[in-house]
Amino acid sequence: MNLVQIVDSKGKRRVGLVDGDNIVLLKKVTTTLDLARLALKDGSKLSAVAQSLVTSSTEDYTKALKQKRVLTPVDHPDPAHCIITGTGLTHLGSAAARDGMHKKLSGSAEDLTDSLKMFKMGLEGGKPKRKGEPGVQPEWFYKGDGSWLVGPGQPLPKPSFALDGGEEPELAGLYLIDDKGRPVRLGFALGNEYSDHVTERQNYLYLAHSKLRHSSIGPEMIMGAPPAAIEGMSRIVRNGKVIWEKPFLTGEANMSHTLANLEYHHFKYEGFRRPGDLHIHYFGTATLSIADGVSPKDGDVFEIEAPAFGAPLRNPLKDVKAKFKMDGVKKL
């Protein structure tokens with residue numbers, strides 16, 4: 001059973017396991033981080049500790065989702081200690097996209113863009129043959145801290161300066177740094193690594209700007225390893241009608257890097273191994289609506305789902321007014 005965090009019908013935070021249409025509530029813990037710390041203290045698997053804490057109390061899952069009482073499957077009480085990052089150019093894509101990519105890669109090195117060079121490096125060295133040996137570094141980016149994370153059903157803000165607000169259906173790894181500074185993998189969730197693709201397309205050096213946007217994960221977290229091959233569906237709903245949808249592939253079998261390699265190149269930096277910090281790391285995608293000429297609008301709902309992850313992740317797009325002006329910096 002997958003894990004969720006909710007606000008129960010009495011207004012209290014709870015952790016639970018999804019069992020069909022119900023959420024089976026756990027005792028002794030009120031957050032996923034509470035559960036993780038308990039598992040670390042006992043030296044037990046997260047799933048085993050969760051199963052040992054089940055109660056007879058349940059919540060209606062469908063009602064909780066409808067009432068927007070389902071939270072992200074993990075969060076930190078101090079948003080500044082939640083670090084959200086990601087890697088790109090890590091996925092093989094569809095057969096057609098792969099074929100087109102390989103044709104481009106077969107040309108001379110001088111004709112390759114930096115992005116294609118990075119993708120080729122991943123193909124050739126992202127899955128090292130020797131166990132425990134690091135492979136090639138991936139593209140990496142920063143998205144924000146925990147205050148930039150929104151829960152299932154909550155809006156993804158589109159800033160007034162943004163040129164686009166587009167979905168990115170991805171697998172997200174969720175990690176806690178233990179008291180000894182070791183990264184501990186809690187599990188995986190579906191994510192919408194929402195970005196500004198029009199800004200990025202102006203110049204690849206604008207990637208950093210394009211990624212500084214809110215994102216969302218959930219509703220559920222798989223405890224332990226995810227399926228090697230994950231096939232899901234990404235869609236955009238406008239006024240109750242699907243205006244775009246496309247299958248997406250993720251999981252290590254559909255990637256040019258191993259998860260272990262991507263984890264290594266993130267956590268090798270000492271600053272990302274600060275005890276008590278939570279990390280949410282997106283692993284990339286190969287499926288985007290902008291590739292089909294779709295431009296999401298205010299009120300559109302992004303919907304991302306994959307069977308192993310339970311309920312779909314849904315988030316509406318919301319235009320927001322400017323909160324900072326050219327003369328907004330105070331001079332002392």
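Structural remarks
- Solvent-accessible surface of the chain, averaged per residue with a 1.4 angstrom probe and all protein chains in place: 50 square angstrom.
- Given R0 = 41 Å, the distance between the Cβ atoms of A308 and A80 translates into a calculated FRET efficiency of 0.80.
- Cut-off under 5 Å, modelled amide H: who pairs with L186 long-range: L174, Y175, L176
- Couplings 3J(HN,Hα) for segment 314-320, derived from phi with the Karplus relation 6.51 cos²θ - 1.76 cosθ + 1.60 (θ = phi - 60°), are 10, 8, x, 8, 9, 5, 10 Hz, where x marks Gly and Pro.
- Shape class for segment 103-215, computed from the alpha carbon gyration tensor (a ≥ b ≥ c): oblate, with a/c not under 1.5 and a/b at or below b/c.
- Length-normalised contact order of the chain in % [C-alpha pairs under 8 Å, at least 6 apart]: 22
- Folded to 0 to 90 degrees: helix 95-105 orientation relative to the chain principal axis, Cα: 40
- Distance violations [Cα-Cα > 30 Å] among K117/K143; K45/K129; K143/K330; K120/K318: K120/K318
- For a straight C-alpha distance cut-off of 18 angstrom, the aspartates and glutamates reachable from K131 (same-chain residues fewer than eight places away being disregarded) are E252, E263.
- FRET efficiency, R201 to K331 (Cβ-Cβ, R0 35 Å, nearest 0.05): 0.45
- Of the solvent-accessible surface of segment 247-305, computed with a 1.4 Å probe and all protein chains present, 52% belongs to carbon and sulfur.
- Separation of alpha-carbon centers, segment 119-164 and segment 250-321, rounded to whole Å: 7
- Accessible heavy-atom area order of Y194, Y204, highest first, probe of 1.4 Å: Y204, Y194
The values are calculated or read from the model by the stated rules, or taken from the named source; none is laboratory data. Not measured: the values here are computed from a predicted model. Please note: Cβ atoms are built from the backbone with ideal geometry, for glycine as well, and neighbour counts cover all protein chains shown. These area figures cover heavy atoms from the full protein model, side chains too; ligands, DNA and RNA do not enter into them. Shrake-Rupley method; radii C 1.70, N 1.55, O 1.52, S 1.80 Å.
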